[in-house]
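These notes concern the structure reproduced below.
The values are calculated or read from the model by the stated rules, or taken from the named source; none is laboratory data. Fair warning: this is a prediction, and the values are worked out from it, not measured in the lab. Virtual Cβ from ideal backbone geometry, glycine too; neighbours counted across all protein chains shown. The accessibility values were calculated without ligands, DNA or RNA, using every heavy atom of the protein model including side chains. Shrake-Rupley method; radii C 1.70, N 1.55, O 1.52, S 1.80 Å.
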Amino acid sequence: MFGVLKDAVFINQYSPAPPPASPFPRFFHNLIENPFLTRQIRPMQSVFTGPVYVVRDNIDTDQIIPAQYLTLVPTIADEYEKLGSYALCGLPDSLYPARFVKEGQLDTGHPIVVGGKNFGCGSSREHAPIALGSAGCRVVVAESFARIFFRNCVATGELYPCECAERLCEILKTGDVVTVDLDRCAVTVKTTGAVYSFKPLGDVRPVVDAGGLFNYARKTGMIPVQT
């Protein structure tokens, strides 16, 4: 579990200092807890069904949430909600004419995002998975993920990042309805019945289930429970 949690949170990789004797303090030092999200823990869920939003390769964090919206503070409830309205607004209109979140709305009609290779590349902003989660996305199924984005998904508890060997971004189109079953590690397409497998989330899944790293640590007794 220790190795998985080390990959699940953002750590300053350029620090030459050796790990401390007790690893958790260093992990928490680099991750700011969102008390609003702690209060708004979603019910645990293993099956997600809905229309997908399909993107291609190398979707970077500036496309997921452009830099001008990083002034919004996720720990403030209203600003957390507003972040969702801008999720994926950095995508070029010429390639993605259908918006992930429609103009004037806070939530998306696409609870599942399907991507290609290297989803979430670019800067290490935690706002990226938070914006998608705020908009109502719960699962991203991609051919591969940028490592920091994957860790931030897990650490914040906003998204289940599911890695699928199939290029679903070429098989599916925006609006197709699928079911993602985390227990079966399967994506089932409603219209065709086709089933595609993705890698098990393994030890990182309980962290997302718990609502992020802080809630998982409290649940497992690693840090005291707030009263």
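Report yes if some residue within the stretch 165-172 is touching a residue at least 60 places away in the same chain (Cβ under 8 Å), closer than 16 Å to residue 110 by Cβ and part of a loop (DSSP other than H, G, I, E, B); otherwise report no. Yes, that holds for at least one residue.
Considered as a group, the residues in the stretch 116-135 that are farther than 20 Å from residue 169 by Cβ and in a loop (DSSP other than H, G, I, E, B) include one that is nearest to the chain's Cα centre (by Cα), and that residue is 126. All conditions but one from (1) part of a strand (DSSP E or B); (2) open to solvent by less than 10 Å² (accessible area, probe 1.4 Å); (3) in contact (Cβ under 8 Å) with a residue 60 or more places away in the chain apply to residue 162; the one that does not is (3). Total residues in the stretch 40-92 satisfying the condition of being closer than 19 Å to residue 139 by Cα and part of a loop (DSSP other than H, G, I, E, B): the figure is 18. Among all residues of the stretch 178-187, there is none that is within 19 Å of residue 55 (Cα to Cα), of a type in the set (Gly, Ala, Ser) and either assigned to a loop (DSSP other than H, G, I, E, B) or at pLDDT 95 or above (or both). Scanning the stretch 188-227 for residues that are part of a strand (DSSP E or B) and farther than 19 Å from residue 111 by Cα yields nothing. Please determine whether any residue of the stretch 45-60 is crowded, with 18+ Cβ neighbours inside 10 Å and over 15 Å from residue 135 (Cβ atoms). Checking the stretch 45-60: at least one residue is crowded, with 18+ Cβ neighbours inside 10 Å and over 15 Å from residue 135 (Cβ atoms).
For every residue, the table says whether it meets (1) open to solvent by 40 Å² or more (accessible area, probe 1.4 Å); (2) without any contact (Cβ under 8 Å) to a residue 40 or more places away in the chain.
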site: 123; (1), (2): yes, no
site: 141; (1), (2): no, no
site: 152; (1), (2): no, no
site: 184; (1), (2): yes, yes
site: 191; (1), (2): yes, yes
site: 202; (1), (2): yes, no
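May I ask you to list the residues in the stretch 86-117 that are among the polar types (S, T, N, Q) and surrounded by fewer than 18 Cβ atoms within 10 Å (Cβ to Cβ)?
94, 105
Could you please let me know if residue 154 is in a helix (DSSP H, G or I), among the β-branched types (Val, Ile, Thr) and within 14 Å of the chain's Cα centre (by Cα)? Considered against the rule, which asks whether it is in a helix (DSSP H, G or I), among the β-branched types (Val, Ile, Thr) and within 14 Å of the chain's Cα centre (by Cα), residue 154 comes out as yes.
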